[in-house]
1. Looking at (1) modelled with pLDDT of 90 or more; (2) part of a helix (DSSP H, G or I), find the lone condition where Tyr106 falls short.
2. What's the total number of residues in the range 73-103 that are assigned to a helix (DSSP H, G or I), in contact with a Pro (Cβ under 7 Å, 6 or more places away or on another chain) and closer than 23 Å to Tyr17 by Cα?
3. From the set of residues in the range 176-198 that are surrounded by 12 or more Cβ atoms within 10 Å (Cβ to Cβ) and modelled with pLDDT of 75 or more, which is farthest from Arg211 (Cα to Cα)?
4. Could you check Glu115 against (1) at pLDDT 80 or above; (2) touching a Gly at 6+ places or on another chain (Cβ under 7 Å); (3) of a type in the set (Asp, Glu) and say which number it fails?
5. Taking into account only those residues within the range 50-87 that are hydroxyl-bearing (Ser, Thr, Tyr) and out of contact with any Phe, Trp or Tyr (no Cβ under 7 Å at 6 or more places or on another chain), which is surrounded by the fewest Cβ atoms within 10 Å (Cβ to Cβ)?
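The values are calculated or read from the model by the stated rules, or taken from the named source; none is laboratory data. Just so you know, these numbers come straight off a predicted model, no measurement behind them. Glycine gets a Cβ as well: all are built from the backbone with ideal geometry, and neighbour counts include every protein chain shown.
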Amino acid sequence: MAMARGSSGPAYPERFYAAAAYAGFGGSSNSSSIGAISKFRNDVALLLYALYQQATVGPCNIPKPRAWNPVENSKWMSWHGLGNMSSAEAMRLFVKILEEEDPAWYSKVPEFTVEPIVDVEMHKPKVEPATQSAIPNGNSFPEPKTISPENGSVLETQDKDVVMEGLGSISIYDQWIAPSISGQRPKPRYVHGAAVVQDKMYVFGGNHNGRYLNDLQADDN
C-alpha cells in the first residue's frame with residue numbers, strides 16, 4: 001500500500017494567477033502597486049511586484065522613473081534587477097515566496113479547494129473469484145494450481161518466468177522440519193538481493209565462497 005497525494009491545486013499558470021489575485025495583483029493596471037504592497041514587508045512586496053511584472057509583461061524595458069518618486073523608483077529597480085528571467089521561472093518564484101510568507105494562502109482562495117490525501121493501492125494483483133479460499137479472519141488468498149509429479153512432491157505451476165523454484169509446499173505446521181527441495185538445492189550466500197511478492201520470497205544473486213552468483217531462487221514457504 002502506498003500513499004499518494006492528490007493534486008494540491010491547479011497547475012501553472014492557473015496557480016500563479018490564483019496566488020497573484022490573493023496577494024492583490026492583477027485586474028486593473030493600478031492594482032499591482034499600493035494595495036498589494038501594503039500586505040507584506042516592503043522588501044517582500046517589491047520582489048512580488050517585480051516577479052508579477054516579469055511573469056505577465058516580461059523584462060523591464062520602461063525608462064527609469066525620476067528620483068523624486070521613491071516608490072516608483074524602488075519598484076523599477078526591483079523589476080529591472082530580474083534581467084531576462086523567463087516568465088515561467090518568475091511565476092514559480094512568485095508562488096514560492098508567497099507560500100513562505102503565508103503558507104495557508106491557498107486554503108483561503110474561495111475559487112479553489114485543496115484535494116485531500118488519498119490512498120492508492122499499487123500493484124494490486126488480480127484474483128479470480130473461483131480461485132479464492134476463505135480463511136477465518138475474513139481475508140482470502142488465491143489457491144495455487146498444483147500438479148503431482150512421479151516422485152510425489154507437490155510443485156506449483158504458476159510463475160513460469162521464474163528460472164528455478166526453490167522450496168516445495170509445507171503441509172505440517174507448528175513443528176521444525178526440513179523443507180522439501182524441488183530441483184537443485186540453493187547455494188548459501190550473502191550480499192544478495194531479496195524481495196517478497198505475494199506469498200513468495202525471491203532471492204537473486206549473492207556471494208558464495210568468494211564467487212558472485214547470477215541465479216534467481218523462489219521460496220514459497
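1. (1)
2. 2
3. Among them, the one singled out is Ala194.
4. (1)
5. Ranking the candidates gives Ser86 first.
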